Each structure stands twice: as C-alpha cells, then as structure tokens.
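Worksheet for the structure shown next.
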Amino acid sequence: MPDVVGSSSEQALTRVADLWQQERLAVRRQTQELRDTLAFPERVRRGLALANLRYENTEAAGGQHCQLWFHLERPGALDGAQIGVGDPVVLWSAARTARQTGVVGRTGTTRISVVVDHGYAAFVEDDAIQLDLEPDEATFDRGEAALRRFSTDSKLATLRELLFGDAEPSFGPRPELQVKDERLNQSQREAVSLALAAEQVALIHGPPGTGKTRTLVEVVRQHLALGKSVLVTAASNTAVDHLTRQLIALGVKPLRLGHPTRVAEDLRERTLETLMQATEEYRLARQWQHEARALHERHHKQKARSARTLPRSDWRIRANQLNADARRSLKEARAKVLRRTRVVCTTAAGTDSKLIGDTLYDVVILDEATQAPDPIALAALCRGKRAVLAGDPCQLPPTVVDGEAARAGLASTLFERASRRWSAGATHMLTVQYRMHALLMSFPSASMYHGRLEADPNVAARQLDDLPGVAPDPARRAPWTLVDTSGTGWEEGLEPESRSTFNRELAERTAGEVRRLLDRGVSAADIAAITPYGAQVRLLRGLLRDALAQGLEIGTVDGFQGREKEAVVVDLVRSNAEGALGFLNDIRRTNVALTRAKRCLVVVCDGSTLGQHPYYRALVEAAEAAGVWESCF
C-alpha cells in the first residue's frame, strides 16, 4: 500500500490535506449523483431516504439541542435501511423550499427521532416530511482543522517527524508493573509496560479476541495512578462507549463527550450535560433562564389583554441580562466539570470539540487506529504529550469513497506505516485470543498473524452443543465447515440500481445453513449471517425474515467488525469463470468475516472462483486438510 510520507513531513502533510479535500468532494459528488440519478421513491426503496414522516412531539436532548419525533409512514420502514443513529440527515417538504439539517437520534419500528438545534424550522411540525441522508461535513471540517494544527504547532514538531518524517520513537526503561487487573496475561502486561515506557508513541497490535480493550483500560488506570490526565479516543462511537463502560466497571469516572445521539443511553449519566447538573453554577443558570422566560411570557400575556405593560425595552433588557448571566454560568459549570475530570472519552473526530478548548492531555489513547484516516487520527493526537495507538492492520482499513485518494495513501493509516517503518520494539502484538475455538483460530493465525496466535484454554475446545438446549450435529463434529458450491452453476449477478453483487442460489444455501443451526436449537440471537455485499444482505433478509424477528443478525462484513457471535455463517457470494473477486481482493475483509465466530463457523463459497487467489486457495486447502470441506453435491 502506498505511503503518503514524502521527502519531508511538510510535504507529506500537504499531500494528506490534498487527499482529504479530494475525498470531501467525492462524498459530495456521490450524494448529489444519487439524488440526480435516483428518484426519491427509489432512494426510499434502497433505504437511503424516508418518505412522509409526520411530526409527533419535541423533547429536550441536552445542551442546545432538541429531539423531534416523527411517525414512520409504515411500520418497519427502517428494516434494512442504511439510515442509523448518528447519521447526518436533511428534512424537507415537497410543499416548500425550506430545509432542516439534523442527526438521527433514535429509531424504532414505528417512529424515528432527529436531533436538531433549538430554533428549528417550523415547517417540520406542519407538513409531510421527507428525510435524506447528508454528507458528514463536520468530520471533514475537523480533519482539516487537525491538519492545520498539526502542521503549524511547534509543540507537535517531534510527533510530526515521528509520524511523517524519518524519526524513531524513544522509550525509557520498562517499569516494574504493579497491575490493577490481575487477570491480564503476560502478552497484555508487556503491552502495558511498553505504553508506560514510551516517551512519544507506542503501538499495540490487537488481533481479534486478544483483549485489546482490557489492555487499554489497564493503560488508562496505570497512568491515572501516576497522576496523569488521559484522553481516550477511538474511530467509532461504539468503541468509545465500550471503553467507557469498561472504565466505569472498574471504578474510573470518565467524562463521555459527544453528540447526544451518538452516546449510548446507559452512559448518559457520564455526559457533560448530566455532570453539569450537579454544580451550583448550573442551578443558577437554569433559575435565570426560567426568570427570563417568565418575563417574556408575562409581557405577552399582558399585551394580549391590552393591559398596561412594562416598556418593551425595560423587560427585554432585563431578559437579555438574565440570559447572558445564564450563559456565563453554564460556561463556568462546563469548565468546572472538565477541571475535575482526569479521563475524557470521545471519538477521535470529537476531540476537535470547542468544549475542551486548547487542553493538552498527558496521554492520548487512540483505539481503532487502523480504521482512522490520518486527519481524524491527528485530531486526537494533537491533544496529547504522548500517545498509545491500538489497532489491527489485518482488519478493515478506513472507508474511503474516492478510489484514487485511497490508492494514493488516504486508505493507509499512521499505525500501518509506523509499524512497518519503526523498529520492532515500538510495536507489541497481543497473542492470546479469548474468542475462538482453536480450530477456528488456526487459519487466520497462519494466514494473517504469522502463526503467533494461541487460544486461551477456556475457549480452545468449546463447542456449540455446550450451549444449553443445543443438540450436536452428527455430520459435523468440527467447529467449522467450508461448503463449496463449485460446479453448481450458481453464478453471481449485479443489482442494477446499486451495482452491488448478489448470488441468489448461494444465498438460498446460506439461508439453509442458518436454518440448520436453528434446527439444532441454537438461539437466533446467537447467530449472524454476514456477507461482503449489500445486495446479498437484502436477499438473505428476505429469505430469513422469520428468523430476523427472533433475533438473527444479517449484515455486511464491514458492519460486523468488532462484533462476535456464537455461530456465524459467511456468504462470500462471488462465482464467475473469470475469477473476479471485487471486494474480496482485500483479504482483510475476509479475515474480519472469519474471526467473528466463537464456537461455529460455516463458510459458503465457490472454491473454483476464489481458488484463483492464493489466500482463498489456502483457505480451501486448510478446510480439506482439516476434513471440514464439503461439496454442495
């Protein structure tokens, strides 16, 4: 993969900035092209839009936001849609030109909420409302700001040369580690020790199921014991929420920063808005806001009765003074909470928040570092004196829409390039995995991790029929099976609207494999069917509609990264005489698919098509050697 690093850190950062702008324009073009080429009803059909929403009510959503609830035109309209919590959207009406932007707040079977700023457009309460996805311009703005700061801030000069120049990181002596978590294995302890010894940056490579989160939580607790402040970040809100939960469970009291729609419900008590409510400054601010509203309401009631009122200027001046005092007091409340907090958790993009100002933390932790494009990673790294980056370059890279920008280096990450360029001592790989049966782990370990993974004894031999109510499968005693469709003639097709690949007959076989698991007594909620292609997802959802209602999950490989299930059926779709693999040429995507299962994995694929690629040929050969290869015949 090409590097963006050039002959100097300045040139490299200029190149990244150019690629970031190229990606921003590509995302805008993609959105506009969808709207130009697809009529609104077609966007609705493809799950890119919602039609005829009806306003229900408004709720407070914290800070300067409120939550608008809308009734869906039909129950289940969001099933299979590409619209989810946290997505930027635009609300519009066919009856007028006004538009209202917001973020999806919550979703349900019959309704959806959109979080907007106070003072939203009035038409959303009166008309039939249409909803379209919008590009996330805020993320691009934050990436640009991070690049500017990283390029010019003299305090970041050393880090600039480390990440974009030729410098090597340095490490002090490894400390005598007094672990907080006694259950850490030796590999995890060594990773924590490396992070504490780092004078600038350390890298922790965490393959699937190796306890990366637990290791990072220990890194946080060790720094807290040393009196350090810590900024905990990740590429996604899901990962930030997971880290925050683990910290809370061990007695740490972090502040979870983020847009109210993107913070999990169970973590709301650790948000800035909630913590501010315990301060005297917040109480006073609310009192003054209430007095200002009362002045406004009293004036208008008296005016409506044609009674004598205060001169307009007098009551308005007093109300403005009260509101100004309230804003000042809320600012003081925010500052007080931030001063008291030694651990802040937020997404990497969220570190650009004005709430934390120019605060510089002793340590920044960036989880999912191999999923964060450079500008977003830098948004987090700008905030710290030292950094610990964690991720797995053998799993999916950042999502980059512009193919040219991806090939030019935007799809590569700081973690990947640093781990290749720096000496081996700057990176530590976790080697004991706690997710997969030893045989499930075998091929991923050999193909992607140099055979270094080992299964913890507690998971190495566990079987699906160890679960309550699950019967054994006499024909399949091993934990994984490869079902080869070679010779069936089940050829792939292309969905005209989305240009996404599908394979109807292979989907039917995949659905049959899911039903085989259900017939054994495996709970639908313990099963996932995953595939690289959205069109195949839609086919599978139609074939397994009843199981979906019982808790079965069906989704793309990309959407399942970081997840796990007791049993996983992987549908690899591709079947053609040319050996064309599309998405599957990036074997990191398949590595993700093969490492989600804990006890049982079934891979459904055309071995003849895939076998023209050395990675997939090795997969089929591994299945044959283990005696788990089956033909559809």
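List of remarks:
- Every residue from the range 577-615 that is hydroxyl-bearing (Ser, Thr, Tyr) and either farther than 29 Å from TYR434 by Cα or surrounded by fewer than 24 Cβ atoms within 10 Å (Cβ to Cβ) (or both): SER608, THR609, TYR615
- Scanning the range 537-571 for residues that are in contact with a Ser or Thr (Cβ under 8 Å, 6 or more places away or on another chain), in a helix (DSSP H, G or I) and at pLDDT below 95 yields VAL537, VAL557, ASP558.
- Single condition ALA319 does not satisfy, out of (1) part of a helix (DSSP H, G or I); (2) open to solvent by 20 Å² or more (accessible area, probe 1.4 Å): (2)
- Some residue of the range 496-508 being under 23 Å from GLN30 (Cα atoms) and more than 26 Å from the chain's Cα centre (by Cα): yes
- Scanning the range 380-395 for residues that are open to solvent by 10 Å² or more (accessible area, probe 1.4 Å) and aliphatic (A, V, I, L, M) returns no hits.
- From SER313, SER353, residue being under 30 Å from ALA405 (Cα atoms), modelled with pLDDT under 85 and either open to solvent by less than 80 Å² (accessible area, probe 1.4 Å) or touching a strand residue (DSSP E or B) at 6+ places or on another chain (Cβ under 7 Å) (or both): SER353
- Assessment of the range 62-78 against the conditions (free of Cβ contacts under 8 Å to residues at least 40 places away in the same chain, part of a strand (DSSP E or B) and not hydroxyl-bearing (Ser, Thr, Tyr)) yields no matching residue.
- Tabulated pairs, the range 512-535, first farther than 23 Å from GLY559 by Cα, second in a loop (DSSP other than H, G, I, E, B) and open to solvent by 40 Å² or more (accessible area, probe 1.4 Å), C-beta under 7 angstrom, 6+ apart or interchain: ARG520/ALA471; GLY521/GLY469; GLY521/ALA471
- Residue check for SER447: of a type in the set (S, T, N, Q), assigned to a helix (DSSP H, G or I) and under 21 Å from GLU368 (Cα atoms): no
- Count - residues of the range 70-109 that are of a type in the set (Phe, Trp, Tyr) and open to solvent by less than 10 Å² (accessible area, probe 1.4 Å): 1
- The set of residues in the range 26-39 being under 22 Å from the mean Cα position of the chain (by Cα) and open to solvent by less than 70 Å² (accessible area, probe 1.4 Å) consists of ALA26, VAL27, THR31.
- All conditions but one from (1) part of a loop (DSSP other than H, G, I, E, B); (2) under 19 Å from the mean Cα position of the chain (by Cα) apply to THR109; the one that does not is (2).
- Meets criteria (out of contact with any His (no Cβ under 8 Å at 6 or more places or on another chain), farther than 25 Å from ALA235 by Cβ and open to solvent by less than 10 Å² (accessible area, probe 1.4 Å)) for ALA197: yes
- Residue in the range 175-186 that is crowded, with 22+ Cβ neighbours inside 10 Å and not charged (D, E, K, R) present: no
- Checking ALA405, ALA424, ALA446 one by one, the residue that is modelled with pLDDT of 95 or more, open to solvent by 40 Å² or more (accessible area, probe 1.4 Å) and not polar (S, T, N, Q) is ALA446 and no other.
- Restricted to helices (runs of 4 or more DSSP H) entirely inside the range 207-305, those with at least 2 residues that are closer than 30 Å to THR590 by Cβ and in contact (Cβ under 8 Å) with a residue 60 or more places away in the chain are 212-225, 237-249.
- Qualifying residues in the range 559-576 (those that are touching a Lys or Arg at 6+ places or on another chain (Cβ under 7 Å) and among the acidic types (Asp, Glu)) - the one surrounded by the most Cβ atoms within 10 Å (Cβ to Cβ): GLU566
- Residue count for the range 200-238, restricted to those that are touching a Gly at 6+ places or on another chain (Cβ under 8 Å), farther than 17 Å from PHE415 by Cα and buried (at least 21 other Cβ atoms within 10 Å of the Cβ): 3
- LYS155 falls short on exactly one of the conditions (1) touching a residue at least 40 places away in the same chain (Cβ under 8 Å); (2) surrounded by fewer than 17 Cβ atoms within 10 Å (Cβ to Cβ); (3) in contact with a Lys or Arg (Cβ under 7 Å, 6 or more places away or on another chain); (4) under 17 Å from VAL363 (Cα atoms), and that condition is (3).
The values are calculated or read from the model by the stated rules, or taken from the named source; none is laboratory data. Predicted model only: the values in this text are computed from it and were never measured. All Cβ positions, glycine included, derive from the backbone under ideal geometry; neighbour counts span all protein chains shown. Only protein heavy atoms, including side chains, enter the accessible area calculation; ligands, DNA and RNA are left aside. Shrake-Rupley method; radii C 1.70, N 1.55, O 1.52, S 1.80 Å.
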